[in-house]
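Q: Pasting a structure below so you can have a look.
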Ligand code: SF4
């Protein structure tokens with residue numbers, strides 16, 4: 001092994017210098033020491049190899065402390081007027097979160113299993129355009145066993161940085177892949193642990209952070225098999241200890257899988273809307289907004305469960321990040337005090353269309369037909 005490849009020039013110079021200084025100190029003893037670099041064992045001069053570690057990055061924010069519900073935060077004056085109007089609109093529209101949101105996916109997968117087993121060769125994956133069919137499917141099934149709960153955990157793990165529609169396609173394809181391979185339950189713990197990380201990665205490549213999620217999925221699945229008897233925990237403290245699961249997902253898992261409400265789940269639509277309506281304007285940190293909302297609604301716990309789908313669906317279809325539909329939105333109407341309820345209304349759009357609905361071709365997520373009929377009536 002070449003010495004030069006392990007020895008830096010600076011180290012050699014230092015050894016020579018040290019030897020020279022030592023020689024001068026012992027010069028009166030008539031002994032001379034030569035710098036014998038070759039005598040130094042390679043192990044001492046070889047740079048220690050840096051241990052390669054995979055950094056654990058949470059897909060959600062690291063600040064997963066539980067709520068401080070002791071602080072009673074006042075409810076902003078405009079909270080209920082706005083929230084109730086949004087609920088009114090939500091009854092008239094069907095949005096992606098209502099049909100292909102995470103909580104719906106295990107129900108759709110149950111339907112797929114049933115239909116695939118009837119005629120494996122004829123079965124075709126569902127399309128997003130089949131929305132009315134999906135509604136009737138999800139009405140028939142329930143999340144009721146450990147495999148349904150696991151599928152919910154997987155879809156929630158995949159959902160961060162991924163649109164509901166994409167997550168729906170990926171989950172469906174993954175489930176079908178395992179049914180075709182002969183796994184009776186399709187996507188399940190058994191089928192996942194028999195798959196390599198790289199193969200999982202190639203199966204879920206359409207979702208955000210797919211590489212990291214493949215690794216977390218394998219690790220979490222093994223952990224659940226060994227520590228939770230192939231089921232998922234029913235305590236938020238245990239759920240947020242799983243890799244890839246944070247407080248937001250943990251809350252949704254508890255609600256969907258165990259029917260337990262422990263907090264409010266805040267996603268990007270909720271962050272944007274809470275800021276826009278002036279309910280919380282300090283920052284855009286979902287954890288801070290979650291704690292704020294939980295404290296603000298401490299005496300309205302019936303809202304904890306529903307606020308996420310109510311605001312998320314509204315943010316997906318009416319007040320979207322890129323194209324606000326103020327022409328359709330009931331918050332753009334004048335209230336009894338002659339004020340517009342929404343502080344962020346797009347006045348130029350309303351002036352342009354004056355009354356009625358903007359007929360420009362715009363990409364719409366979901367089904368707004370009933371709301372449009374209501375506005376036009
Ligand atoms: S900005 Fe427009 S679409 Fe959004 S909430 Fe206000 S009125 Fe409704």
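Q: Within 10 Å of each residue's Cβ, count the other Cβ atoms and sort 175, 300, 210 from fewest upward.
A: 300, 210, 175
Q: If I stretch the segment between residue 377 and residue 202 completely, what's the gain in nm (0.36 nm per residue apart, minus their alpha carbon distance), one decimal?
A: Residue separation times 0.36 nm, minus the Cα-Cα distance, leaves 58.0 nm.
Q: Moving on. Could you calculate the FRET efficiency of residue 272 with residue 345 from 1/(1 + (r/R0)^6), where r is the beta carbon distance between them and R0 is 22 Å, rounded to 0.05?
A: Efficiency computed from Cβ-Cβ geometry: 0.90.
Q: Here's another thing I want to ask about it. Under a crude label model (7 Å from the Cα following the beta-carbon direction), how far is residue 228 from residue 127 in nanometres?
A: Once both label points are built, they end up 3.7 nm from each other.
Q: For a Förster distance of 30 Å, can you work out the FRET efficiency between the beta-carbons of residue 219 and residue 261, rounded to the nearest 0.05?
A: 0.60
Q: Using a Förster distance of 35 angstrom, determine the FRET efficiency expected from the C-beta separation of residue 299 and residue 91, and round it to 0.05.
A: Efficiency for this residue pair is about 0.90.
Q: May I pose another question? Sort 320-327, 101-108 for me by packing, meaning the mean count of neighbouring Cβ atoms within 10 Å per residue, highest on top.
A: So the peptides 320-327, 101-108, ranked by packing, come out 101-108, 320-327.
Q: Shifting gears a bit: Report the extension gain between residue 141 and residue 237 in nm, rounded to one decimal, defined as 0.36 nm multiplied by the number of residues separating them, less their alpha carbon distance.
A: 31.7 nm
Q: Just grab the label-to-label distance for residue 353 and residue 77, each label 7 Å out from Cα along the Cβ direction, in nm (one decimal).
A: Each label point lies 7 Å from its Cα, and together they span 3.0 nm.
Here, each number is a calculation from the coordinates, and none is a lab measurement. In this text, all values refer to a predicted model and were calculated from it rather than measured experimentally. Because the Cβ atoms are built from the backbone with ideal geometry, glycine has one as well, and the counts that use them run over all protein chains shown.
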